[in-house]
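Each value in this text was obtained by applying a stated rule to the coordinates, not by laboratory testing. Just so it is clear, the structure is predicted and the values come from calculations on it, not from any experiment. No Cβ is skipped: glycine too gets one built from the backbone with ideal geometry, and neighbour counts run over all protein chains shown.
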There are 2 protein chains.
Amino acid sequence: MTSKNRWSTPAADALRVEPGFRLADIDPRSTPGYGGDKNDGRADLEAGRAPLEDLQERLFAQSVAGTATGSVLLVLQAMDTAGKGGIVRHVVGAVDPQGVELASFKKPTAEELEHDFLWRIEKRLPDAGRLGVFDRSHYEDVLIGRVRELAPRDEIERRYGAIVSFEARAAEMGIRVVKVMLHISKDEQRERLGERLERPDKHWKYNPSDVDERKLWDAYMDAYQVAIERTSTPIAPWHVVPADRKWYARLAVQQLLIDALEDIDPRWPAADYDVVVEKERLANS
Amino acid sequence: MTSKNRWSTPAADALRVEPGFRLADIDPRSTPGYGGDKNDGRADLEAGRAPLEDLQERLFAQSVAGTATGSVLLVLQAMDTAGKGGIVRHVVGAVDPQGVELASFKKPTAEELEHDFLWRIEKRLPDAGRLGVFDRSHYEDVLIGRVRELAPRDEIERRYGAIVSFEARAAEMGIRVVKVMLHISKDEQRERLGERLERPDKHWKYNPSDVDERKLWDAYMDAYQVAIERTSTPIAPWHVVPADRKWYARLAVQQLLIDALEDIDPRWPAADYDVVVEKERLANS
């Protein structure tokens, strides 16, 4: 039984945000579209590594050959502990690192703050033929930006439209923008933070401010609801991926990437030299 | 039996270049220091993933905690087809991509050519707490630079000394520079280029100039001999890794990285908060 067979609905269809979407209605422990259990999910994640790797290598081959026109950009947004790092490691980690451009966006620097919020983002858009990954992104500027009132409300309002325009331009450049919110529950986050406090080898992952942010949980959920509503477009839709079950979230994002790459359908570049002549030259060398 | 037990001599000792070294004396099919065969080597490579990943995660944890002082820089040099890409994929690919800084140095751009040859290199030195990988490097400027006479001979001569100073400064900054030449034979390269010509999914990896370079094989080996002699220092020694057997080259480089990380001996950062207090705060959140 192949991975796809356990999907009653393709991941992209099961997870894509549609008009009228309400974040509060999505159960973080659910596994939309997928009929398997944890063991199935792990097996399917393993089985999905090869096709993902193959598709990405074809895309990378095009970039080397200079014929690439498309790229994929995975945008990862989530509350802390939701598993962004695990996605990078276990899903993106399956493909050739040479073809991956990973950008982690932290708190903006003084220089970045002097520019429009998209300034630092635009510089990290993936080149043609690459798989770009944004670990956090321009959405921070309408999430923590809104919750913590880091900018005036009318500036926050302006940003939703700026993001839609920006992503439309990226799409015109051939970038498939795959936007993912990893959706965990507040209780699951408590569990995961608790584990970080229990284990000395996880202490570095914990920050006291994590608890401060928990107090603003509802405000964050509201900010996600608004951001997703305002910036989900046909060309760059949001996907809300229930993430209380790590195995499901990883499997689902793997499927979203495979779908995006299959949409580009990268073919191996044709030789731009005469293969017969080169075999002869090589034999004589 | 653990990986280390099949090494009669640690990889670093077996492969490090010593005074009087002659590249021509090293058999590209040999497996210095290692007593196992291909199956053993593959098993040991697999077994080495976890310790490498663990060490690198500790280092990365330090960078997140702001306590990192060391980093590792793997410099990969080789003739085409020697397997640099495979090292990146199968050795470096085992660790968390978030902690890796991969730099591929291609033919210099016009802007890069306006600066000293180390200008573009210095910018890509790994930050503290990271594993940097140079896929090709500043050594191109004394390899193809020498063979193709891309710079006057006295400028090439100057560069050996400039490299030694540069790497000494890098070491003072806490960077463990692990220099690796993957050493293949001319016959093995013909085999591998031939395979690229046989398989349409490998055509993109072949370039007719590869055969032109083969005609200069001896000049390249001379350039490697001189470069390695002139730039192998106690603080940044060269390692010549026989690479006709891919499994050996990968296993050996994995061991070199493990050794460099063990030398840093990164410990999990201590909590800079009160764990008991935080457990209480978390429970109430």
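A compact table of results
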quantity	calculated
Pairs, first within 19 Å of A:Ala78 (Cα to Cα) and more than 8 Å from every other protein chain (Cβ to nearest Cβ) in the range A:195-214, second in a helix (DSSP H, G or I) and of a type in the set (Asp, Glu), C-beta under 8 Å, six or more apart	none
Selection from the range B:33-54 of residues that are outside any strand (DSSP E or B), over 17 Å from the mean Cα position of the chain (by Cα) and touching a residue at least 12 places away in the same chain (Cβ under 8 Å)	B:Gly33, B:Gly35, B:Gly36, B:Lys38, B:Asp40, B:Gly41, B:Arg42, B:Asp44, B:Ala47, B:Pro51
Hey, A:Tyr224 closer than 23 Å to A:Ile87 by Cα, free of Cβ contacts under 8 Å to residues at least 60 places away in the same chain and buried (at least 19 other Cβ atoms within 10 Å of the Cβ) or not	no
Strands (runs of 3 or more DSSP E) lying entirely in the range A:93-210 (those with 1 or more residues that are closer than 30 Å to A:Arg267 by Cβ and in contact with a His (Cβ under 7 Å, 6 or more places away or on another chain))	A:175-183
Any chance A:Glu18 is acidic (Asp, Glu), surrounded by fewer than 21 Cβ atoms within 10 Å (Cβ to Cβ) and assigned to a helix (DSSP H, G or I)	no
Where B:Asp80 falls short, out of the listed (1) in a loop (DSSP other than H, G, I, E, B); (2) within 30 Å of B:Asp222 (Cα to Cα); (3) within 11 Å of another protein chain (Cβ to nearest Cβ)	(3)
Matching residues in the range A:197-210 - criterion: being within 13 Å of B:Ala283 (Cα to Cα) and within 25 Å of the chain's Cα centre (by Cα)	A:Asp210
Single residue of the range A:102-137 satisfying the filter (facing another protein chain (nearest Cβ under 10 Å) and surrounded by 17 or more Cβ atoms within 10 Å (Cβ to Cβ)) that is nearest to A:Leu256 (Cα to Cα)	A:Val133
Set B:Val88, B:Val64: member being within 12 Å of the chain's Cα centre (by Cα) and among the hydrophobic types (A, V, I, L, M, F, W, C)	B:Val88
Number of positions in the range B:211-220 that are farther than 20 Å from B:Arg159 by Cβ and assigned to a helix (DSSP H, G or I)	6
Set B:Ser71, B:Ser30, B:Ser8: member being among the polar types (S, T, N, Q), under 17 Å from B:Asp259 (Cα atoms), surrounded by fewer than 19 Cβ atoms within 10 Å (Cβ to Cβ) and touching a residue at least 12 places away in the same chain (Cβ under 8 Å)	B:Ser8
Sole residue being in a helix (DSSP H, G or I), away from chain B (no Cβ under 14 Å) and over 18 Å from the mean Cα position of the chain (by Cα), chosen from A:Ala260, A:Ala227, A:Ala223	A:Ala223
